[in-house]
Amino acid sequence: MTISSDEFKSAAAGENEIEQLLKKDPGRAWSLHEIEEEIIGREMNRRRHLDVFIADLTLLAPLLFESKSVEWKIIGGTPYFKWK
């Protein structure tokens, strides 16, 4: 269901669940599939995946590339992400 521009403007912004997860335990690094499973659940809900996980991942980009709050490394062919 779509919403109007006024409804969008008046709504409070939610927090990025990926950012919250990484901040919660900065001593731990997560792969993308582990992050997704933690946020979406073991059995993927396609709608929640598209609406939440992909949006949060997209919004995480500035933290990776601009503020550099998130570190990432590819280990054994798997990308891992960790709060700096």
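Coordinate-derived values only; no laboratory data. Since the model is a prediction, treat every value here as computed from it, not as a measurement. Note that each Cβ is placed from the backbone with ideal geometry, even for glycine, and that neighbours are counted across all protein chains shown.
At residue 68 and residue 33, where each label point lies 7 Å from the Cα along Cα→Cβ, what is the point-to-point distance in nanometres? For the pair residue 68/residue 33, the computed spacing is 3.1 nm.
Taken about its Cα centre, segment 16-83 carries a charge dipole of about 80 debye when Lys and Arg each add +1 at the Cβ and Asp and Glu each add -1 at the Cβ. Think of it as helices only: each DSSP H run of n ≥ 4 in the chain is worth -39500 (n - 2.57), and spread over all residues that comes to -11500 deg cm²/dmol at 222 nm.
Cβ-Cβ distance of residue 82 and residue 8, R₀ of 41 Å, FRET efficiency by 1/(1 + (r/R0)^6): the value works out to about 0.80. Take every Cα pair under 8 Å whose residues are at least 6 apart in sequence, average their separation, divide by the length of the chain, and the relative contact order is 34 percent. Provide, for q = 0.12 Å⁻¹, the log10 of I(q)/I(0) from a solvent-free Debye sum over equal Cα point scatterers in the chain. With one equal scatterer per Cα and no solvent, log10 I(q)/I(0) is -0.41.
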